[in-house]
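Some notes on the structure that comes next.
Derivation of every value follows stated rules applied to the coordinates shown; laboratory data play no part. Note that this is a predicted model, so its numbers are computed, not measured. Cβ sites come from the backbone with ideal geometry, for glycine too, and all protein chains shown count toward neighbours.
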Amino acid sequence: MEAFFVWLNSIIWSQALIVLCLGAGLWFSLRTRFMQVRGFVEMTRLTFSGQKSDAGVSSFQALALSMSGRIGIGNIAGVATAIAFGGPGAVFWMWVMGFLGASTSYIECTLAQIYKEKDNQGRYRGGPAYYIEKGLGLKWYAWAFALSTIVATGFLMPGVQANAIADSASNFCNSTSVCPSLDGQWLGLEAAFAFKLAIGIAVGLLLAAIIFGGIKRIAAIAEFVVPFMAIGYILMAVVVMSLNASFLPTMFRIIFESAFGLHAGFGAMLGLAIEWGVKRGIYANEAGQGTGPHAAAAAEVSHPAKQGYVQAWAIYFDTMLVCTATAFLVLSTGMYNVSLPDGTMVHQALPGVAAGSGFAQAGIESVLPGWGAGFVAVALFFFAFTTIMAYYYMAETNLTYINGHKVRPVATLVLRLGIIAMTVFGTVRTAEMAWTLGDIGVGLMAWLNIIAILLLQKPALLALRDYETQKKQGLDPVFDPDKLGIRNAGFWRKGG
């Protein structure tokens, strides 16, 4: 079974998906006239404005909710893995994916706002399934995305995040005397297994306390936790880099030389640098994956482009700051391994340490002894846990879509219990299988969503031009789909 999943993952994540993601980002950047550059000031302004309502959340809460999904273990373990298998040059291609992905995020999140609806409880719902059905008129395609997302975010991807929480907690215990020994047995179980199971149960109970409170509670938690966790992590990276300031010029030289195959040690890894940089960039910032639009649709705004701008800014924050923080933690200290597909080591500073959060822990430890394992364990907990929260909301939104835009208590209860169970299970399964299943989920959603938004880009482009025109007239833009010739935008025609 494991061999089958590995094979399936290799098919989904073929070179074709890498080209599709990069190509879509470049195409949308050209079609929006690089709105991620022209509109940077407007993005920033809109991010911290807006109001919530009984039906929706504020722009910032929607941003925090989407960021809770974007900022996960991909920002720590994923970045380290990209460096391990793609070399330092993978960091540059993550930046490229982040820059181009900002325009992709604008398109998908604006479409989510254009085609959003209210469920039977009066709350905003939207996302790829909604805009695929309403914009393309392909209900079977919308169902395919909705079912894929329920399986991916409800059952496959939570295990990746939970597994990282358990592994980082185990690493912390093994490196300090704070925890009891993980050797021997606990209550008839291997101590290491029992410890991870206990972590899983605790995380599952905390998750239950939040998701049973619905979208309002999830958004409120995300609004408070996400900025705190991200800024704290970035500050730690700044401290480490400051203590290693003399190595920074060399670090940047290695990144750029490796990115273009010019570095003596990593020059032969150009293809791997692009592949791993794009792959982990998509996993970390989720541009084009179809996850961000679910939160974007929940925002209370007067014009869809407003939330499109906000979500484009989210990609910058995720990739250029949080992912870069991990890259610099690792590269500025030299605490990383790089290997070729055949297992040949190109760079080895941490013998026996697998690619992942251990690189970041070692980087911090090298300049701040005693801080690495504990700090990264705490950061990973917040990053991973908030991502699982966001995954639940995405799965619930797609379940609501399948149920005819209605929240059905029994189906919702089954989903909640299912994601809690998969979270607990994820803490005790192997990291390799967790990542494989997570990659399959991400890849399936990316394929379905990117093809959809390439076919359905026109309404988002019309909304962008309409927004810019109204801004030039000194107005606070208000959306009128009839004026723009956009059909099936029922929510906006009803006046909300």
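Here Ile218, Ile71 are placed in order of increasing Cβ neighbour count within 10 Å, fewest first, which gives Ile218, Ile71.
Based on Cα atoms of the stretch 274-360, Rg over Rh with Rh as the Kirkwood radius reads 1.13. Compared with the dominant principal axis of the Cα atoms in the chain, helix 157-175 is inclined by about 30°.
When only alpha carbons are used to place a centre, the stretch 245-311 and the stretch 459-489 end up 29 Å from one another. Taking the longest Cα principal axis of the chain as reference, the axis of helix 372-402 is set at about 30 degrees. Put a dot 7 Å past the Cα of Leu475, heading toward its Cβ, do the same for Leu26, and the two dots end up 3.7 nm apart. The calculated pair-distance distribution of the stretch 329-485 uses every alpha carbon pair, bins of 10 angstrom beginning at 0, and gives 8, 20, 24, 22, 18, 7, 0 percent. Normalising the average separation of contacting C-alpha pairs (under 8 angstrom, six or more residues apart) by the number of residues puts the relative contact order of the chain at 35 percent. Which whole-number percent is the relative contact order of the stretch 41-172 (Cα, under 8 Å, 6+ apart)? Result for the stretch 41-172 is 15 percent. By the beta-carbon count within 10 Å of each Cβ, the least crowded to most crowded order of His294, His303, His405, fewest first, is His405, His303, His294. Residues in the stretch 71-94 near a label at Val346, defined as backbone nitrogen under 18 Å from the 7 Å Cα→Cβ point? Zone members listed by number: 78-94.
Each label point was placed 7 Å from the Cα along the Cα-to-Cβ direction; for Arg429 and Val19 their separation is 3.2 nm. Taking 0.36 nm per residue of separation and subtracting the current Cα-Cα distance, fully stretching the chain between Ser10 and Ser242 would add 79.6 nm.
Between Trp143 and Leu368, the modelled labels are 5.2 nm apart [label points 7 Å from Cα along Cα→Cβ]. Can you tell me the FRET efficiency between Arg45 and Ala202 if r is taken as the Cβ-Cβ distance and R0 is 45 Å, rounded to the nearest 0.05? FRET efficiency, Arg45 to Ala202: 0.65.
Mind scanning Lys139/Lys471; Lys118/Lys196; Lys306/Lys406; Lys134/Lys471; Lys116/Lys471; Lys118/Lys483 and naming the pairs with a C-alpha gap bigger than 30 Å? It would help to have the intermediate numbers written out before the result.
Numbers: Lys139/Lys471 35 Å; Lys118/Lys196 40 Å; Lys306/Lys406 27 Å; Lys134/Lys471 28 Å; Lys116/Lys471 23 Å; Lys118/Lys483 22 Å.
Result: Lys139/Lys471; Lys118/Lys196 exceed 30 Å.
Give the label of the value calculated from the structure for Cα extents along the principal axes in Å, choosing from [x] 103, 64, 40; [y] 71, 65, 49; [z] 64, 54, 40. Here Cα extents along the principal axes in Å agrees with entry [z].
At 1.002 mPa s and 20 °C, plugging the Kirkwood radius over alpha-carbon pairs of the stretch 72-143 into Stokes-Einstein gives what diffusion coefficient in µm²/s? It diffuses with D of about 145 µm²/s by this estimate.
Arrange the following residues from fewest to most other Cβ atoms within 10 Å of their Cβ: Trp27, Trp95, Trp140. Kindly include the intermediate steps, with their values, before the conclusion.
Values: Trp27 16, Trp95 19, Trp140 8.
By the 10 Å Cβ count, ascending: Trp140, Trp27, Trp95.
Determine which residues of the stretch 339-354 fall in the zone a paramagnetic label at Thr250 would reach in this model, i.e. backbone nitrogen under 12 Å from the point 7 Å along Cα→Cβ. Backbone N within reach: none found.
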